[in-house]
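**Q** Below you will find the structure I want to go over with you.
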Amino acid sequence: MTINEQIEYWVSTAEHDLPVAESLFEKGHYVWCLFIGHLILEKIIKAHFVKDTEQTPPKIHDLVKLVNRTKLQLTQEQLEFLLRVNNFNLENRYPDYKQNLYKTLTKNYSEENFNKIKEIYFWLKSLLT
């Protein structure tokens, strides 16, 4: 796969995931909406990683670690938000952690975070063109 094909792969899969996350939010599945939101940001950051390094991205999910391996210049506020979004990655979480998320993710909290995820996603995507 060429560098441009890799970038396009990460961008197109992030684009594909966005309506899925929106649908999950509309149906009140906030934990899964924010999990997919994490994936969306991970994928768009990995597109930047490929663009900046011309290498295949590492198989890690920590958004801040990924950003730090790119040429992206994020504000401290944006980095702190990405640290929060890392908590929405459920891949290896224990059932009790997931259960606690179900209890704490209100509609308002989820909407605020999902809107910020989309804002950062669209900004990062715009930097690729």
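Since every read-out is calculated from the coordinates, none of them should be taken as a lab result. What you see is a predicted model; the values in this text were computed from it and never measured. Methodologically, a virtual Cβ is constructed for each residue, glycine included, from the backbone with ideal geometry; neighbour enumeration extends over all protein chains shown.
**Q** Say R0 is 22 Å: what FRET efficiency, to the nearest 0.05, do Lys125 and Thr56 get from their beta-carbon distance?
**A** Values: r = 20 Å, r/R0 = 0.91.
E(calc), rounded to 0.05, equals 0.65.
**Q** Would you work out which of Phe49, Thr104, Tyr121 lies farthest towards the positive end of the dipole of region 3-126, given +1 charges on the beta-carbon of Lys and Arg and -1 on that of Asp and Glu, about the Cα centre?
**A** Thr104
**Q** A further question follows. Distance in nm between label sites at Glu77 and Ser23, each 7 Å beyond Cα in the beta-carbon direction?
**A** 3.4
**Q** Give me the percent relative contact order of the chain, please, defined on Cα pairs under 8 angstrom at least 6 residues apart.
**A** Reported as a whole number, the value is 30 percent.
**Q** Shifting gears a bit: State, to one decimal in nm, how far the label point of Asn68 lies from the label point of Asn86, with both points 7 Å from Cα in the Cβ direction.
**A** 0.8
**Q** For the chain, with only Lys/Arg (+1) and Asp/Glu (-1) charged at the beta-carbon, what is the dipole magnitude about the Cα centre, in debye rounded to 20?
**A** 260
**Q** How many lysine pairs in region 3-126, separated by 8 or more positions in sequence or lying on different chains, have Cα atoms less than 17 Å apart?
**A** 23
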